Amino acid sequence: MSILAAVLFLLSSGQDSLATLLPEGTCAGCTVLRTERYAGSALAGYINGGAELYKEYGFVSLTMEEVRLPGGEDLVVEAYRMRTPAAAYGIFSISRSGCATPDTAFTHFCGGTTQIQCAAGEWYMRITNGTGSPVARESSLELLRSLVSRTGQPRYPLPSLFAEPALAAYAGELVLMSGPLGVQNGLPDWEDLLDGAAEYTLHAVRLQGDQGILAELRFSRAQDAVGVATKLGVDVNDERLRVAVGAPKRHVLWTSPLTLRILETTLFPPDLDPYLEVLSRPRH
Amino acid sequence: MNCSSDHDHINRRDFCRTAAAAGVAMSLFGITQAGQTQQTEQPPKKPSTNGEQALAYPRTGASLPGKYPGRVAQASHDKAIANNAPDPAVVDAMLTRTMLGLTGASSIKSAWQEFVTPEDIIGLKVNPVAGKLLSTSPEIVQVIIGQLEQSGIPRDHIVIWDRREFELGDAGFTEERFPGIRITGTERKDASGSFTDAEGKLYGEAMIDRDWYYWADVEEHYDSETLPYMINEGKHSYFTRIVTQDVTKIINIPILKNAGATVTLCLKNLAYGAISNTGRLHKHLWAETCAEVPAFPPLRDKVVLNIVDGIRGCYNGGPGANPEFFTDYKTILAGTDPVAVDQIGYDIVLKKRLETRIQKEESPRGRTFLTLAEKMGLGTADKQKITLDHALLS
C-alpha cells in the first residue's frame, strides 16, 4: 500500500488515535527517546524481511517509540495499525507465546516477562523491555492499558466453533492465518495443504498433549476450496463428516460451500468423540 | 450436500456456478475434483535469475566453501551468559575452542593466520536487523577483534559492516564501543537523519557498485519512504562497494535465529546484507537469493570464515525480535563452509521448534536454500558428509 493510500485509509476511518503513543500527561516522568513512523511498504525499513508477514496480514502503519522510564529503564512501544481487526488479531496470535497473564474479556492480551502484547480492534500493540524487572513490567501494563482505552475498539470476535465451551481452554492459543507466511509461522505443518491457495482465513488450535489440530478454514475463492478438497481426497459437495485420504488422519466437514472444518488427530473413540461433536455443531 | 441449498455468504448455486467455472479453467491445467482423476497441479514457475552466471566466473583457491569444506566446529558453554549478556571471557574460550577445532592448529594465532593476514582489510559482516535484543552481539564481535589483533591484524584494517549503517548503532556497534574500527553500511543517513544529499540523491547510491548485480525477473515499486531502504527499483540488485571494493576478506557473523520454518544464518546474512533492492526478493525468491547471491565472486571469493553467534537466539518469531521466543542456545558455530554451518544451525533451531511444538515435523521447504546453495558449489548440505566437532565446555 502506498503512503497516500495509507493516509487516505486513516483519514477515512477517522481512527488514527495512536499517532502519538505518549501524549501529554501519560507516563509521568517518562522521556520519549525516539519516535518513528512507517506506513505501507516502508515497514521494511524497520524490520526488513519481517515486514512481509505484516504486509500479508494487511499492514497500514506503525508508530514506534522508545521510552525511558524515570528509573532509567527503556521500553520499546509499538502500535501497528492493521487493515482489519482480524488482521490485528492474526499478527497477535502468531506472535504470542508462554503468556503468563492470559487473554482477558476486554482485549486479546498476552503478558510475558520482557514483552506484553495485545490486539484491540484494528491495532496490534506490544511493549518490550530489556530486563523483565517488576518496574518495567508494571509500567508496560499501565501504558498498554492507556493505549487500549484510546483505541476505543471492540475485541475481535472469535469464530463460533472456538467459542464452544469444550474449547474454552484453547481461547488463548487460537492462531489466525491468511496466507503462506502466516502459515509458516503459525501452523507450518500445514504448508503443503494450503500451498497454492490464495485467499483464505484459517483459525486453528493445537490440542493439548500433541493430540492434534482443530481448524476452520474459510475460503474466498471456489477454486481454492476445490484445490484443498482435492488434496484431502474429499468432495467439496459432500456435506457429511468424512475422513480424508492419507496421513495424518483428518476428519473433515464442509459446513458451507466455502467453509471447511478439519480435525487432525491421533485420538480414537471415546477420546475422539467430544471433538467430533464440536466439529459437527452447526455454525451460528 | 447438493447444489440447490443456500447457505452462508455465498450460496450453493453460486458456488457451484463459480466452482464449475473454476473447474473449466482448472481442467485446462489438468486439475479436477478429488476422487475423479489424479491431481496434476504444477507449482507456479519461479521467476528467472542470473544465478547461473555466477558459476561462469572461474573459481579461485579462496572460493567458498573455503579451506574446510563440510567441516563445522561448535563450542557450547553453560555459563556463556552472565548478567543477561554474553560473558566475554567465556565467549573468548568458546571461540578459541571452535577455531582450534576447525583448523587443528596448535595456537589461536596460527588458527587465525590461516584465514587473514595483516595486509588484509577484513570486513566483519554482522546482523543488526532486530535491534539490540536480537542482533549479533557486540560482545562476540569484540572477542573476535581481540583475537584478530592478537594474530597481528591492525585495528584500522577491520571494518564492521551491514546493509544499514544506522541499525549498527542501534545494535551497539558504536564508535565508543569499537574505537579505531570503521563502522559502515550501504544504506545511510547524514547527521540530520536525511537519506539524501543537497541534490536529493540517496547517499546509498554512492555505495552500490553497478558492475556487480543480481538480476531477477521480479520487481516492486517502492514509495519515497521505502526507497532509501532499497536504494533502487527494477530487476537489478547491486552489490555494495563494501564487498566489491573496500574489503579483501569477509568474516560472516550471523545470529542463530529462525525465519518461519527455516533459518536466517550465514547464507541469508551474506545475501540480503550485500545487495540493494531486496524488497522484491523476499516473497518469490527467498531461497534462491540466499543460495545465488553468495555465489558471485565479491562474496564467494572473499568470505573466509563464518562464525554463528548462538549465545542467545530465537526459535520462532524471527527474523524480528520477539522475546517470547528467545532462547539461550549458549553455543558458537564456526566453519569456512557456509552451507555446512547453516545445516548444523538449522538442525539446532529445528530441534527447539519440535521440542516446543511449534512444528510437528520438518517442513519440506526448510532446507530448500541449503540444497540450492550446494548446487551453486558453496558447500555441503548433506548431513552425512558434514563433520561436526562439538565441544562441551565448562
Can you tell me what share of the DSSP beta bridges in the protein assembly as shown is antiparallel? A percent to the nearest 5 is fine. 75 percent
Using a 1.4 angstrom probe and counting only protein chains, how large is the accessible area of B:Trp112 in Å², to 10? 0 Å²
Can you sort B:Phe178, B:Phe166 by solvent-accessible area, 1.4 Å probe, largest first? B:Phe166, B:Phe178
Could you work out the percent of alpha carbon pairs in segment B:51-393 separated by over 39 Å, rounded to a whole number? 7 percent
Out of all DSSP beta bridges with both ends in chain A, state the antiparallel percent to the nearest 5. 100 percent
Give a quick list of trypsin sites (Lys or Arg not before Pro) in segment B:293-360 that DSSP marks as loop, anything other than H, G, I, E or B, with at most 13 other Cβ atoms within 10 Å. B:Arg357
Unpaired by the 4.7 Å Cβ criterion, cysteines found in chain A: A:Cys118
Sequence gap at least 6, Cα distance under 8 Å: using those rules, report the relative contact order of segment A:19-151 to the nearest whole percent. 20 percent
Please label the shape of segment B:93-190 as rounded, prolate or oblate, based on the square roots a ≥ b ≥ c of the eigenvalues of the alpha-carbon gyration tensor (a/c under 1.5 means rounded; beyond that, a/b larger than b/c means prolate, else oblate). prolate
Assuming R0 = 35 Å, can you tell me the calculated FRET efficiency for the pair B:Lys189 and B:Glu219, based on Cβ-Cβ distance, to the nearest 0.05? 0.90
For B:Asp347 and A:Thr266, what does the FRET efficiency come to when R0 = 22 Å and r is the distance between their Cβ atoms, rounded to the nearest 0.05? 0.30
Buried accessible area between B and A (1.4 Å probe, both chains summed, ligands and nucleic acids excluded), in Å² to the nearest 100? 4800 Å²
To the nearest 10 square angstrom, how much accessible area does B:Phe326 have with a 1.4 angstrom probe? 40 Å²
The Cα radius of gyration of segment B:192-237, divided by 2.2 N^0.38 Å with N its residue count, comes to 1.23
Using the Kirkwood formula over every pair of different C-alpha atoms, what hydrodynamic radius in Å results for segment A:145-230? 14.5 Å
Can you give the accessible area of B:Asp389 in Å² (nearest 10), computed on protein heavy atoms with a 1.4 Å probe? 40 Å²
Give the carbon-plus-sulfur fraction of the accessible surface of segment A:108-231 in %, rounded to a whole number; probe 1.4 Å, heavy atoms of protein chains only. 51 percent
From the C-alpha coordinates alone, can you work out the Kirkwood hydrodynamic radius of segment B:152-272, in Å? 16.0 Å
Roughly what % of DSSP beta bridges within segment B:51-393 run antiparallel, to the nearest 5? 45 percent
Mind checking the log10 I(q)/I(0) for segment A:160-280 at q = 0.12, 0.17, 0.20 Å⁻¹? Debye, one equal scatterer per Cα, no solvent, two decimals. -0.39, -0.82, -1.18
Cross-link partners among aspartates and glutamates for B:Lys360, C-alpha distance below 17 Å, same-chain residues fewer than 8 apart left out? A:Glu173, A:Asp189, A:Glu191, A:Asp192, A:Asp210, A:Glu264, B:Asp347
Can you compute the helix-only [θ] at 222 nm over chain A? Use -39500 (n - 2.57) per DSSP H run of at least 4 residues, normalise by all residues, nearest 500 deg cm²/dmol. -8000 deg cm²/dmol
Here, A:Thr84 and A:Ala169, labelled 7 Å along Cα→Cβ, have an inter-label distance in nm of 3.1 nm
Looking only at other chains, what is the average number of their beta-carbon atoms within 10 angstrom of each beta-carbon in A:188-201? 3
Note: B:313-322 gets an average of partner chain Cβ contacts (10 Å, Cβ to Cβ) equal to 5
When the gyration tensor of the protein assembly as shown is built from Cα positions, what are the square roots of 5 times its three eigenvalues, in whole Å, from largest to smallest? 42, 30, 25
Within the accessible area of chain B (1.4 Å probe), percent carbon and sulfur: 51 percent
Answer check: segment A:19-151, Cα atoms, Kirkwood Rh, Rg/Rh ratio of 0.94
Over the protein assembly as shown, give the accessible area per residue in Å² for a 1.4 Å probe, as an integer. 39 Å²
What does the helix-only formula give at 222 nm for chain B: each DSSP H stretch with n ≥ 4 adding -39500 (n - 2.57), the total divided by the residues, and the result rounded to the nearest 500 deg cm²/dmol? -8500 deg cm²/dmol
Taking the inverse of the average 1/r across all pairs of different Cα atoms in chain A, what Kirkwood radius in Å do you get? 20.2 Å
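The values are calculated or read from the model by the stated rules, or taken from the named source; none is laboratory data. A quick note: this is a predicted structure, and the numbers were derived from the prediction, not measured. All Cβ positions, even for glycine, are placed from backbone atoms using ideal geometry, and neighbour counts span all protein chains on display. For accessibility, only protein heavy atoms count, side chains too; no ligands or nucleic acids. Shrake-Rupley method; radii C 1.70, N 1.55, O 1.52, S 1.80 Å.
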